[in-house]
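**Student:** Sharing a structure, written as structure tokens. Questions coming.
The values are calculated or read from the model by the stated rules, or taken from the named source; none is laboratory data. This structure is a prediction, so every number in the text was calculated from the model and none was measured. Here the Cβ positions follow ideal geometry from the backbone for every residue, glycine too, while neighbour counts run over all protein chains shown.
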Amino acid sequence: MDFSERKRIRLEDFDYSRNGAYFITLCTQNRLKVLSEIVPVGDGSPVPKLTYFGKFIQGYTEKISEKYPIVTIDKYVIMPDHIHFLISIENDGTGNPSPTTNTVIAWFKYQTTKEINRYRNTAGRKFWQRSFFDHVVRNKQDFEDIWYYIDTNPQRWIEKYSGK
């Protein structure tokens, strides 16, 4: 049986704790659609309506900056089976080591999985897929493009699943 090595998507020799912005995507295990439902609002534009788990995830998203004060969540969207974050790390100059994106996401995934499993009485069960996608934001245009991508993700979801 061929067990091919997983594709490396991270930049070699890049310090993921250095100041900058990062685009991160996490997917639920088996892409289960348990975080939200995409619904139209008054003007017809689609928005995520969070489930119980989605609201729970939103709460922990807002706790990231409490846990790691030099990390800011600039933008995020909780989709049915994934979440997109646009985060910034801004070292405060105190000499304390900055968390890496791995550290931040590992904490987030651990805390949310632990609490969701406690709620569901499913100890040890995975909630998130292994690893995550990340992209180092390279400049202001890249930042703005990612912001727009996050804003328009619900519309793309509707287009994908409604056949439009």
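**Student:** When residues of segment 35-84 are filtered for being of a type in the set (V, I, T), modelled with pLDDT under 95, part of a loop (DSSP other than H, G, I, E, B) and within 21 Å of Q155 (Cβ to Cβ), how many remain?
**Tutor:** The qualifying residues number 1.
Yes/no matrix, rows are residues, columns are (1) at pLDDT 95 or above; (2) surrounded by 10 or more Cβ atoms within 10 Å (Cβ to Cβ); (3) outside any loop (DSSP other than H, G, I, E, B):
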site	(1), (2), (3)
M1	no, no, no
E5	no, no, no
R8	no, no, no
L11	no, yes, no
S17	no, yes, no
T25	yes, yes, yes
K33	yes, yes, no
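**Student:** For segment 130-151, name all the residues that are in a helix (DSSP H, G or I) and surrounded by 14 or more Cβ atoms within 10 Å (Cβ to Cβ).
**Tutor:** D142, F143, I146, W147, Y149, I150
**Student:** Can I ask one more? Give me the residue from segment 85-95 that is assigned to a strand (DSSP E or B) and not polar (S, T, N, Q) and, out of that set, modelled with the lowest pLDDT.
**Tutor:** Filtering first and then ranking leaves I89.
**Student:** Now for a different question. Would you confirm whether or not segment 30-52 contains a residue that is within 30 Å of P97 (Cβ to Cβ) and of a type in the set (G, A, S)?
**Tutor:** no
**Student:** Still on this structure: Give the residue that is modelled with the lowest pLDDT, with candidates limited to residues of segment 96-118 that are buried (at least 17 other Cβ atoms within 10 Å of the Cβ) and farther than 19 Å from N19 by Cα.
**Tutor:** I116
**Student:** Still on this structure, please answer the following. So for segment 78-95 (the condition being aliphatic (A, V, I, L, M), exposed (fewer than 14 other Cβ atoms within 10 Å of the Cβ) and either without any contact (Cβ under 8 Å) to a residue 24 or more places away in the chain or more than 22 Å from Q29 (Cα to Cα) (or both)), does at least one residue qualify?
**Tutor:** No, there is no match, as no residue in segment 78-95 is aliphatic (A, V, I, L, M), exposed (fewer than 14 other Cβ atoms within 10 Å of the Cβ) and either without any contact (Cβ under 8 Å) to a residue 24 or more places away in the chain or more than 22 Å from Q29 (Cα to Cα) (or both).
**Student:** Looking at segment 132-146, I want the residues that are modelled with pLDDT of 95 or more and have a partner that is assigned to a strand (DSSP E or B) and of a type in the set (G, A, S) with Cβ atoms under 6 Å, at least 6 apart or on another chain. Which pairs are those?
**Tutor:** Final answer for the pair search is F143/A21.
**Student:** Output the number of residues of segment 35-60 satisfying the condition of being more than 20 Å from F108 (Cα to Cα) and either out of contact with any Lys or Arg (no Cβ under 7 Å at 6 or more places or on another chain) or buried (at least 17 other Cβ atoms within 10 Å of the Cβ) (or both).
**Tutor:** The qualifying residues number 11.
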